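These notes are about the structure you will find just below.
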Amino acid sequence: MNNLNKHYEERVRPCIDLIDSLRSLGVEKDLALPAIAVIGDQSSGKSSVLEALSGVSLPRGNGIVTRCPLELRMKRRGEGEEWYGKITYQNHEEAIKGPANVDEKIREAQNKIAGGGVGISSKLISLEIASPDVPDLTLIDLPGITRVAVKGQPEDIGDQIKKLIKMFITKQETISLVVVPCSVDIATTEALKMAQEVDPDGERTLGILTKPDLVDKGTEETVIDIVHNEVIRLEKGYMIVKCRGQKEIAEKVSLTQAIERERAFFTSHAHFHTLYDDGHATVPKLAEKLTLELVHHIKKSLPRLEEQIDEKLAQTQAELERYGSGPPSDGPERLPYLIDKVTAFTQDAISLATGEELKCGEKLNVFSMLRREFKDWDAQLIHLAENFNKIEAEAEFYEETYRGRELPGFINYKTFESMVKRQIQKLEEPAVRKLRNVSDAVRQDFFKLAHHSFPALPNLMKRAKEKIEAINQEKQAIAESMLRTQFKMEMIVYTQDSLYRNSVADLKREEGVEQDEEQDEEQDEEEYKRKSTKFNREWSMMYCKDNHAALRALMFHLRAYYKSASQRLADQIPLVIRYQVLQESAAELQKEMLTMIQSQENLEFMLTEDFEVGSKRAALLSRLKRFKKARSYLVGF
Ligand code: GDP
Ligand code: MG
């Protein structure tokens with residue numbers, strides 16, 4: 001295992017584990033794993049640095065070797081697990097046999113994408129490697145910056161490459177390694193300028209000096225100044241590394257041996273040993289620094305993540321509470337459990353009927369529905385009054401329907417009575433319909449309550465619903481018979497004298513009659529005529545034996561009576577409905593449910609838990625556990 005791996009194990013691994021556990025909860029997308037991209041001039045040593053960091057051999061050499069962006073996605077596997085590799089580009093996907101084939105497959109892919117020569121392409125090659133020897137990390141190798149196009153390359157190759165590089169280093173989760181050979185004047189480095197453009201504060205840019213073995217004699221002190229961040233300042237600073245040269249590769253020096261050689265190089269170097277001493281040199285030190293950066297990046301994302309986890313945790317907990325803990329498996333505890341459940345339900349049923357808050361947490365407000373329905377009933381009463389005023393005022397209609405043997409101008413009290421009855425009767429069916437509507441709505445609310453009270457006990461829920469249904473029908477039938485009786489009683493045209501007088505007085509006031517009937521009689525003819533309104537004139541014409549006027553008078557009394565009768569019905573019908581459908585139903589439901597559980601024969605049946613609910617609860621519990629674990633990871637950080 002190489003050095004980055006080691007540090008990964010110690011420092012990043014917990015982060016990765018955290019992310020893994022979060023991934024399974026679906027919150028990992030907010031915590032983009034950092035990718036490390038290398039940018040720099042051609043042959044500056046980019047691929048070599050990546051190779052040393054990852055332990056995966058990449059195509060390297062002189063001239064343009066990296067000709068397509070290469071994304072190396074590494075996923076660490078458990079110890080002893082098999083190496084797995086897959087290369088993907090364009091529509092091609094291919095498994096790779098072993099680590100030794102990686103280099104070859106990449107070259108093959110580049111040839112296919114960018115042609116066999118020196119051309120480049122922005123098309124991505126994605127390399128997925130899973131192995132016990134790689135870290136969970138994404139590395140991006142990019143073509144090097146060139147200034148002049150060589151034969152076979154388009155004129156604007158330099159711009160093409162720069163555009164490509166920019167695409168990658170703009171991403172916030174990318175840490176850019178700007179690779180500069182020691183032999184090059186860093187101030188003129190294009191890559192550094194590009195990195196500073198997308199990351200002006202240098203918060204995610206690291207300078208890497210390569211090829212210290214090829215440094216121009218006499219410029220060593222300048223190199224040391226650069227690494228000490230004294231020439232071009234970068235927030236994250238600089239590192240210096242020595243990778244395998246072409247000769248060492250030819251000699252098949254392994255990556256592990258190379259690290260050994262690198263250390264030996266620095267410790268024995270006349271100038272650079274100071275850089276080694278203060279921790280600015282070697283690939284392992286670079287790996288350590290990158291590890292810190294990765295941890296830093298992940299930690300920076302944690303507070304937002306923590307919030308999300310807390311939210312999910314609360315959600316899951318609330319859901320679990322709804323499912324309850326399930327019936328106890330222990331025999332003697334089962335009956336009390338059932339009693340508790342049923343008692344809570346019946347208490348909620350009573351609360352529902354009295355408009356109090358429910359213990360099950362569900363918001364069911366029957367009374368807003370009742371108010372709406374009863375207001376509509378009132379509106380129906382008013383509407384009828386307006387309508388019969390219009391129709392019945394037709395004289396012909398009266399003649400046809402009600403006039404008997406009486407001479408014109410005589411109105412029979414019986415006629416008045418039969419007209420009253422005819423009107424009141426029109427309300428009977430609407431009243432019964434209202435009862436049915438309200439009754440249906442109330443039953444639905446009780447059903448909902450049963451659902452919420454016994455979400456996990458389907459048999460008990462079914463029993464409760466059967467009871468609700470039966471009681472609802474029974475109470476509705478009783479209410480209907482009460483309503484029908486009420487309308488039968490309404491056929492006795494009756495109201496208290498004083499109430500009727502009030503009703504007459506109210507109506508006169510409403511219709512513009514200023515004086516009371518008795519007073520009218522006391523007034524002399526002259527004064528009466530002067531004072532009377534249009535209506536009063538018509539009213540007086542009753543005495544003039546005018547049939548039409550008599551009819552008007554009749555209508556007036558009809559309206560007056562309807563007024564007091566409809567006031568009575570406006571309250572009476574809702575009262576009957578509410579009493580039977582809500583209050584009596586809830587009380588009956590309570591009685592029957594409690595009676596039911598006293599006969600213990602059905603105990604096992606009632607407590608049979610819904611299979612799906614059982615597994616859902618188990619799933620929720622494990623979800624909760626995972627969230628809590630994730631939470632504890634976060635707290636530990
Ligand atoms: P890239 O084009 O930036 O990806 O550069 P490569 O990683 O392909 O390296 C270019 C050449 O430089 C290769 O032949 C490497 O072997 C060689 N090279 C890389 N790093 C060093 C180093 O530290 N010292 C020496 N001597 N050669 C190196
Ligand atoms: Mg390269």
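The values are calculated or read from the model by the stated rules, or taken from the named source; none is laboratory data. On a predicted model such as this, the values are computed, not experimentally measured, just so you know. All Cβ positions, even for glycine, are placed from backbone atoms using ideal geometry, and neighbour counts span all protein chains on display. Calculation scope for accessible area: heavy atoms of the full protein, side chains included, ligands and nucleic acids excluded. Shrake-Rupley method; radii C 1.70, N 1.55, O 1.52, S 1.80 Å.
What the table below lists for this structure:
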| item | result |
| --- | --- |
| The stretch 154-220, relative contact order in percent, only Cα pairs under 8 angstrom and at least six apart counted | 36 |
| Helix 13-23 axis, angle to the chain major axis (alpha carbon atoms, nearest 10°) | 30 |
| Accessible area per residue in Å² at 1.4 Å probe, computed on the stretch 343-390 | 57 |
| The stretch 55-129 versus the stretch 226-296: alpha-carbon centroid distance in Å | 25 |
| Sequence of Asp159, Asp348, Asp213 from largest to smallest accessible area, 1.4 Å probe | Asp159, Asp213, Asp348 |
| Accessible area expressed per residue, the stretch 565-637, with surrounding protein chains retained (probe 1.4 Å, Å²) | 56 |
| Helix axis angle, 547-577 relative to the chain longest principal axis, alpha carbon, degrees | 50 |
| Descending principal axes extents, the stretch 230-384, alpha-carbon based, whole Å | 107, 55, 30 |
| Of Leu275, His452, Val635, farthest towards positive along the dipole that unit charges on Lys, Arg, Asp, Glu beta carbons give the chain | Leu275 |
| Accessible area (Å², 1.4 Å probe, nearest 10) - His548 | 90 |
| Heavy atoms of Asp440: accessible area, 1.4 Å probe, square angstrom to 10 | 70 |
| Ranked order, Tyr413, Tyr84 - accessible area, probe 1.4 Å, largest first | Tyr413, Tyr84 |
| Accessible area, probe 1.4 Å, largest first, for residues Thr343, Thr316, Thr222, Thr256 | Thr256, Thr222, Thr343, Thr316 |
| Accessible area of the stretch 115-274 divided out per residue, in Å², using a probe of 1.4 angstrom | 47 |
| 23 Å tail of the calculated P(r), the stretch 547-637, as % of Cα pairs | 70 |
| Relative counts (whole %) of C-alpha pair distances in the stretch 74-127, using bins that are 5 Å wide | 4, 18, 27, 22, 14, 8, 4, 2, 0 |
| Helix axis angle, 157-169 relative to the chain longest principal axis, alpha carbon, degrees | 50 |
| Relative contact order computed over the chain (Cα-Cα under 8 Å; 6+ residues apart), in percent | 15 |
| Solvent accessible area, Å² - Asp201, 1.4 Å probe, full protein context | 100 |
| Computed Kirkwood radius, in angstrom, where 1/r is averaged over Cα pairs of the chain | 33.8 |
| Largest-first principal axis extents, alpha carbons of the stretch 187-297, Å | 41, 35, 26 |
| Karplus 3J(HN,Hα) series, Hz, for the stretch 321-333 with 6.51 cos²θ - 1.76 cosθ + 1.60 (x for Gly, Pro) | 4, 5, 6, x, 8, x, x, x, 7, 6, x, x, 8 |
| Carbon and sulfur %, accessible surface of the chain computed with the full protein complex present, 1.4 Å | 50 |
| Net charge over other residues, Cβ less than 9 angstrom from the Cβ of His452 (K, R count +1; D, E count -1) | 0 |
